[in-house]
Amino acid sequence: MSTDLFVGIDLGGTKINTVLVDPSGRILNQDYRETQAREGPDAVIERMLDAAFRVMAGANVLSTQVRAVGVGAPGPIDIRVGMVGSPPNLPGWFNVPLGHRIASALEIPTFLENDANAAALGEHRFGAGRGTRHMVYVTVSTGIGGGFILDGKLYSGATGGAAEVGHVTILPHGPHCGCGRRGCLEALASGTAIAREGAELLMRGVPTRIAELAGGDPGRVSAKMVAQAAAEGDVEAQEIIDEAMMYLGLGMANLVNLINPEMMVIGGGLANMGDVLLDPVRRTIHRRAFRTAADAVRVVRAELGDNVGALGAAAVAMAAVK
């Protein structure tokens with residue numbers, strides 16, 4: 001078997017997705033398991049290592065046949081030293097030298113990257129962004145993240161913290177965000193924001209299909225329920241979706257003016273809404289961004305699905321040793 005193989009590890013708060021791939025991004029073997037983050041960093045890193053060993057062993061591949069390992073991890077991280085700071089969904093993590101620990105245990109060069117940046121590189125190399133030179137990737141799910149491909153290369157910033165598009169301020173006195181600030185794009189257009197607005201309708205006693213779907217319990221309201229209610233013709237639910245997509249479009253229009261990309265790739269759970277999400281974003285871009293930049297950009301849905309993080313991590317490894 002080829003010695004030009006790569007391992008990609010996508011570390012999340014609830015799951016670890018690990019793949020062994022060839023240079024074309026073809027998955028040769030895969031391991032998908034729960035993170036069990038509550039057990040702390042040492043236990044999680046052991047699971048990551050076990051997953052890496054298993055994808056190699058399952059494909060009859062020796063570690064000497066793997067050129068590099070890429071790891072996508074939630075921020076904040078410092079890619080210069082391979083350090084994970086204190087991600088909110090990984091309790092007990094504080095300045096963990098994840099890159100060094102993976103590299104030492106596997107005896108394979110290992111490269112750490114912010115998970116959203118890694119996903120951007122994955123979509124650029126293997127997914128919807130293939131062939132583009134200037135691409136913006138945005139993931140819209142529980143939160144909002146992103147990554148920039150500029151002149152064909154991932155732009156990470158000075159420490160790896162670039163493209164935190166979910167924390168661009170849209171409304172200075174808007175809703176509180178999980179980051180501790182107010183009015184971030186994430187607080188206005190994420191799945192969490194949509195669910196919050198739906199729950200508020202229930203708490204105000206507004207008659208809505210959302211209440212039926214949630215069994216009358218505001219704590220059970222999800223973005224998926226709000227979207228379903230909107231699709232079934234519920235006016236209040238549709239207003240929530242419309243407002244969230246308007247704010248998302250404003251954020252994307254700002255990025256179009258700032259980056260002038262040829263393509264904007266939208267991923268994450270809310271991208272499953274398809275044109276219900278994409279069309280309002282496209283319209284807002286054309287209303288708000290400069291005409292030449294708006295005309296130049298295509299807004300498309302991501303292609304790599306649940307494997308975007310792991311394939312993106314593998315792409316990070318490939319880019320590092322090219």
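The values are calculated or read from the model by the stated rules, or taken from the named source; none is laboratory data. Just so you know, these numbers come straight off a predicted model, no measurement behind them. Note that each Cβ is placed from the backbone with ideal geometry, even for glycine, and that neighbours are counted across all protein chains shown.
Residues that are touching a residue at least 12 places away in the same chain (Cβ under 8 Å), crowded, with 17+ Cβ neighbours inside 10 Å and over 21 Å from ALA253 (Cα atoms) are absent from region 171-185 altogether. Taking the numbered list (1) farther than 26 Å from ARG288 by Cα; (2) out of contact with any Ser or Thr (no Cβ under 7 Å at 6 or more places or on another chain) in turn, ALA103 passes all entries but (2).
The single condition among (1) over 21 Å from ALA116 (Cβ atoms); (2) out of contact with any Pro (no Cβ under 9 Å at 6 or more places or on another chain) that TYR32 does not satisfy is (1).
Before we move on, is ARG80 modelled with pLDDT under 95 and either under 27 Å from VAL165 (Cβ atoms) or assigned to a helix (DSSP H, G or I) (or both)? The answer is yes for ARG80. Restrict the check to region 43-61 and report whether at least one residue is farther than 24 Å from ASP306 by Cβ and either more than 18 Å from the chain's Cα centre (by Cα) or modelled with pLDDT of 95 or more (or both). Among the residues of region 43-61, at least one is farther than 24 Å from ASP306 by Cβ and either more than 18 Å from the chain's Cα centre (by Cα) or modelled with pLDDT of 95 or more (or both), which makes the answer yes. Residues that are of a type in the set (Asp, Glu) and either over 24 Å from ASP10 (Cβ atoms) or crowded, with 23+ Cβ neighbours inside 10 Å (or both) were ranked within region 270-322; the one that is modelled with the highest pLDDT is ASP295.
Across region 2-42, what is the total count of residues that are over 20 Å from VAL316 (Cβ atoms) and of a type outside the set (Asp, Glu)? Within region 2-42, residues that are over 20 Å from VAL316 (Cβ atoms) and of a type outside the set (Asp, Glu) number 7.
Filtering region 160-208 to residues that are assigned to a helix (DSSP H, G or I), under 21 Å from VAL256 (Cβ atoms) and among the acidic types (Asp, Glu) leaves only GLU186.
The C-beta contact set for region 131-160 (first residue farther than 18 Å from PRO88 by Cα and assigned by TED's automatic domain parsing to the domain that holds GLU186, second residue polar (S, T, N, Q) and assigned to a strand (DSSP E or B), distance under 8 angstrom, 6+ apart or interchain) comprises GLY147/ASN114; SER156/ASN114. When VAL265, VAL281 are checked against the criterion of being assigned to a strand (DSSP E or B), closer than 22 Å to SER141 by Cβ and either without any contact (Cβ under 8 Å) to a residue 40 or more places away in the chain or within 19 Å of the chain's Cα centre (by Cα) (or both), a single residue qualifies: VAL265.
Answer yes or no: is there a residue in region 286-293 that is among the charged types (D, E, K, R), farther than 30 Å from ALA199 by Cα, in contact (Cβ under 8 Å) with a residue 24 or more places away in the chain and assigned to a loop (DSSP other than H, G, I, E, B). Checked against the condition, which is being among the charged types (D, E, K, R), farther than 30 Å from ALA199 by Cα, in contact (Cβ under 8 Å) with a residue 24 or more places away in the chain and assigned to a loop (DSSP other than H, G, I, E, B), region 286-293 yields no hits at all. From the list ARG298, ARG287, ARG282, the lone residue that is more than 19 Å from GLY166 (Cα to Cα) and touching a strand residue (DSSP E or B) at 6+ places or on another chain (Cβ under 9 Å) is ARG298.
Yes/no per residue for (1) buried (at least 18 other Cβ atoms within 10 Å of the Cβ); (2) out of contact with any helix residue (DSSP H, G or I) (no Cβ under 6 Å at 6 or more places or on another chain); (3) part of a helix (DSSP H, G or I); (4) without any contact (Cβ under 8 Å) to a residue 40 or more places away in the chain:
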residue	(1), (2), (3), (4)
GLY13	no, no, no, no
PRO23	no, yes, no, no
ARG47	yes, yes, yes, yes
ALA68	yes, no, no, no
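Test PHE53 against the stated conditions and say whether it is surrounded by fewer than 17 Cβ atoms within 10 Å (Cβ to Cβ), outside the structural domain of CYS177 (by TED's automatic domain parsing) and assigned to a loop (DSSP other than H, G, I, E, B). For PHE53, the condition - surrounded by fewer than 17 Cβ atoms within 10 Å (Cβ to Cβ), outside the structural domain of CYS177 (by TED's automatic domain parsing) and assigned to a loop (DSSP other than H, G, I, E, B) - is not met.
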